[in-house]
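One structure is given here, and the rest of the page talks about it.
The values are calculated or read from the model by the stated rules, or taken from the named source; none is laboratory data. Keep in mind that this is a model prediction, so the values were computed, not measured. Every residue, glycine among them, receives a Cβ derived from its backbone with ideal geometry; neighbour counts consider all protein chains shown.
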Amino acid sequence: MLEVKNVDAGYGSTVILQDISLHVEPGEVVTIVGANGAGKTTLLRTISGLVKPRTGAITFEGKDITKLEAHDTVDRGITLIPEGRQLFPDMTVRDNLLMGAYCRHARDYQDDTLHEVLELFPRLRERLDQHASSLSGGEQQMVAIARGMMARPKILMFDEPSLGLAPIIVSQVFEVIAQVAATGTTVLIVEQNVFHTLKAADRGYVLENGRMVLTDDADALLQNDHVRQAYLGI
Amino acid sequence: MDTFLQIVANGLMLGGLFAIVAVGLTLIFGIVKVINFAHGEFLMVGMYLTFLLSTGLDVHPYLTAAAVAPALFVLGALTQRLLIQPLMSARDEHVQIFATVGLSTALMNLALLVFGADIANTPAHGVRSQVMLGEVRILTGQLWVFGAAILLVIALQLFMKKTRTGRAIRATAQNRAAARLMGINDKFIYVLTFGLGAACVGLGSSLIAPLYPTSPTIGTYFVLIAFVCVVLGGLGSIPGAFFGALVIGLVDALSGFYIGSDLREAVVFTIFLLILILKPSGLFGTRMTQSHVSP
């Protein structure tokens, strides 16, 4: 479904990603784990078109999307829930969610999707008319996820969804991700919270210093010595 | 008392006029984050177009707005697409501002070349006739400008809050990177917004032309005052620009009468300096975010 082939990418003269390859199949939950600064965020930004690869190719559903702008990849069905939530602070929760349904294929269903999404996040129903900036961190993360779902994506990418959240909220976020996956949406998660993520995923990749060093089924990675030592502290 | 009421009325009418120029300026600043120093020259271009169309076709100058506003939309959109956008990746954002200063000078000199330094009088078609509102005399044209300014502010607010495109414009201003992730083409939004801001002043120019003689430098006077209104109202706030304009109109009229007409601008710009020192966010200002600098 999504295939990244030998991609190099970076900002300015700084190279972040080197020779990255990965693939995600329909319905899978795939995770990319790695330390802070390994290039995880850059990888998601490259897939979504915010960063242009220098070499290599990215294909989605068999079509080349390497050179597409970010707003075009959304129209193809690729949605990124960015790190740090990135809500529209002076817009209401409702308007934030409606912006999620801006892309062409989601527009006509926006009312239905809003209804479905609010079923999943009943707390947000009470907050619809509040400014996004007035919400707590956990609620803002829920808005960010709900806004991503409003695009009715084929693949939903999460960048550090648990960052800066209290442990109990982190568990809620992973429950929601499991629910998203259960609806048949393909999920790609990038996380520092390695244990939680590998528990939730089917397969995983380990990214270190901008290179893929390891890939396997999530269960196997949880048992892998290198992963256990470097990321789980066991 | 009658004199005072008359001066207040004059001030409010002047405020309406400033408002219709200031609204487009604050729209462009609030969304594209570029201070358009060529805004006054957009007004000047619009006034010459109004003059040419209304004399050439012998129609009421207000009717020409149907052509002048779209023409200014195109001028604004092209300015963003051909001048500002290529400079958006420049390291120093001030480059864009200097570019609009250059455009301002270029348009002014182009007008001098085409029309000469003489003034052009757009036919009034009755809008310079007076009406009495109680004890107060007002030009019908001033009332139209005032009404149009109110309608423009309301229409823009509704557009920004209630339509999908309006929401996309606000979203782009608040967080450009996130807006792109929603599928919003940010470059298109900037072109559209610059065009809209210019179209607002285009509408204004067709209303102002029958009241003021048109000259290549007419824009300079209006745009300096419009800047003060925009800053007073809070940079980027559309209702703010409107109420700021009313305040400045009143200050202009009252100080012109009670202090001396030579000192009107001194008073207005003293207020401008005081706002900058005491309350730089203005009456309706919100905190400024730096979202526009993210990639």
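For segment B:35-65, enumerate the residues that are surrounded by fewer than 24 Cβ atoms within 10 Å (Cβ to Cβ) and closer than 29 Å to B:GLN174 by Cβ. Of everything in segment B:35-65, those that are surrounded by fewer than 24 Cβ atoms within 10 Å (Cβ to Cβ) and closer than 29 Å to B:GLN174 by Cβ turn out to be B:ILE35, B:PHE37. Residues that are among the polar types (S, T, N, Q) and more than 20 Å from the chain's Cα centre (by Cα) were ranked within segment A:210-227; the one that is farthest from A:GLY34 (Cα to Cα) is A:GLN223.
Selection within segment B:261-295: residues that are under 27 Å from B:ALA171 (Cβ atoms) and at pLDDT 75 or above. The member of this set that is farthest from the other protein chains (Cβ to nearest Cβ) is B:PRO280. Inspect segment B:158-178 for any residue being modelled with pLDDT under 95, surrounded by fewer than 16 Cβ atoms within 10 Å (Cβ to Cβ) and within 21 Å of the chain's Cα centre (by Cα) and give the result as yes or no. There is at least one residue in segment B:158-178 that is modelled with pLDDT under 95, surrounded by fewer than 16 Cβ atoms within 10 Å (Cβ to Cβ) and within 21 Å of the chain's Cα centre (by Cα).
Summed over segment B:158-167, residues that are in contact with a helix residue (DSSP H, G or I) (Cβ under 6 Å, 6 or more places away or on another chain) and either within 11 Å of chain A (Cβ to nearest Cβ) or touching a residue at least 12 places away in the same chain (Cβ under 8 Å) (or both) total 3.
Check segment B:183-200 and report whether any residue there is of a type in the set (Lys, Arg) and surrounded by 14 or more Cβ atoms within 10 Å (Cβ to Cβ).
Within segment B:183-200, one or more residues are of a type in the set (Lys, Arg) and surrounded by 14 or more Cβ atoms within 10 Å (Cβ to Cβ).
Checking each residue in segment A:175-213 for being part of a helix (DSSP H, G or I), crowded, with 19+ Cβ neighbours inside 10 Å and not aliphatic (A, V, I, L, M) picks out A:HIS196, A:THR197. Could you check, for segment B:208-215, whether at least one of its residues is touching a strand residue (DSSP E or B) at 6+ places or on another chain (Cβ under 6 Å), surrounded by 24 or more Cβ atoms within 10 Å (Cβ to Cβ) and farther than 24 Å from B:VAL8 by Cα? Yes, segment B:208-215 contains at least one residue that is touching a strand residue (DSSP E or B) at 6+ places or on another chain (Cβ under 6 Å), surrounded by 24 or more Cβ atoms within 10 Å (Cβ to Cβ) and farther than 24 Å from B:VAL8 by Cα.
Give segment A:102-129 a look and list any residue that's within 9 Å of chain B (Cβ to nearest Cβ) and aliphatic (A, V, I, L, M), or say none. Within segment A:102-129, A:ALA106 is the sole residue that qualifies. Among the conditions (1) more than 12 Å from every other protein chain (Cβ to nearest Cβ); (2) assigned to a strand (DSSP E or B), A:THR79 misses just one, which is (1).
Pick from A:GLY62, A:GLY49, A:GLY27: which is within 15 Å of A:GLU3 (Cα to Cα), away from chain B (no Cβ under 12 Å) and in contact with a Ser or Thr (Cβ under 8 Å, 6 or more places away or on another chain)?
Going through A:GLY62, A:GLY49, A:GLY27 in turn, just one is within 15 Å of A:GLU3 (Cα to Cα), away from chain B (no Cβ under 12 Å) and in contact with a Ser or Thr (Cβ under 8 Å, 6 or more places away or on another chain): A:GLY27.
Of all the listed residues (B:VAL74, B:VAL68, B:VAL95, B:VAL101), the sole one being surrounded by fewer than 16 Cβ atoms within 10 Å (Cβ to Cβ), of a type in the set (Val, Ile, Thr) and at pLDDT 95 or above is B:VAL74. Among the residues of segment B:1-54, those that are touching a residue at least 12 places away in the same chain (Cβ under 8 Å), outside any helix (DSSP H, G or I) and not charged (D, E, K, R) comprise B:VAL34, B:ILE35, B:ASN36, B:PHE37, B:ALA38. Residues of segment B:128-150 that are in contact with a Leu (Cβ under 8 Å, 6 or more places away or on another chain) and farther than 18 Å from B:GLY202 by Cα: B:ARG128, B:SER129, B:GLN130, B:VAL131, B:GLY134, B:GLU135, B:VAL136, B:LEU139. Restricting attention to segment A:21-60, the residues that are out of contact with any Leu (no Cβ under 6 Å at 6 or more places or on another chain), assigned to a strand (DSSP E or B) and either at positive phi or not small (Gly, Ala, Ser) (or both) add up to 9.
Among the residues making up segment A:138-169, those that are assigned to a helix (DSSP H, G or I), of a type outside the set (Val, Ile, Thr) and in contact (Cβ under 8 Å) with a residue 40 or more places away in the chain are A:GLN140, A:GLN141, A:ALA144, A:ALA146, A:ARG147, A:GLY148, A:MET149.
For segment A:171-203, filtering for residues that are over 29 Å from A:GLN229 (Cβ atoms) and of a type outside the set (Val, Ile, Thr) leaves 4. Inclusion of A:ALA9 among residues that are in a strand (DSSP E or B), of a type outside the set (D, E, K, R) and within 14 Å of another protein chain (Cβ to nearest Cβ) is warranted. Residues considered: A:MET99, A:MET91. Of these, the only one that is farther than 21 Å from A:GLU69 by Cα, surrounded by 19 or more Cβ atoms within 10 Å (Cβ to Cβ), within 9 Å of chain B (Cβ to nearest Cβ) and aliphatic (A, V, I, L, M) is A:MET91.
Quickly run through segment B:112-157 and pick out the residues that are of a type in the set (Gly, Ala, Ser) and either modelled with pLDDT under 95 or within 18 Å of B:LEU211 (Cβ to Cβ) (or both). Listed by number, the residues that qualify are B:GLY116, B:ALA117, B:ALA120, B:ALA124, B:GLY126, B:SER129, B:GLY134, B:GLY141, B:GLY147, B:ALA148, B:ALA149.
Count of segment A:214-234 residues, restricted to those that are of a type outside the set (A, V, I, L, M, F, W, C) and in a loop (DSSP other than H, G, I, E, B), is 2. If we keep just the residues of segment A:141-165 that are within 24 Å of A:GLY37 (Cβ to Cβ) and more than 12 Å from chain B (Cβ to nearest Cβ), which is surrounded by the fewest Cβ atoms within 10 Å (Cβ to Cβ)? Across segment A:141-165, the extreme among qualifying residues is A:GLY164.
Screening the candidates A:ASP90, A:ASP95, A:ASP72, A:ASP129 for the property of being over 30 Å from A:ALA9 (Cβ atoms), outside any loop (DSSP other than H, G, I, E, B) and charged (D, E, K, R) yields one hit, A:ASP95.
For segment B:246-278, filtered to residues that are within 21 Å of the chain's Cα centre (by Cα) and closer than 14 Å to B:GLN6 by Cα, the residue that is surrounded by the fewest Cβ atoms within 10 Å (Cβ to Cβ) is B:LEU250.
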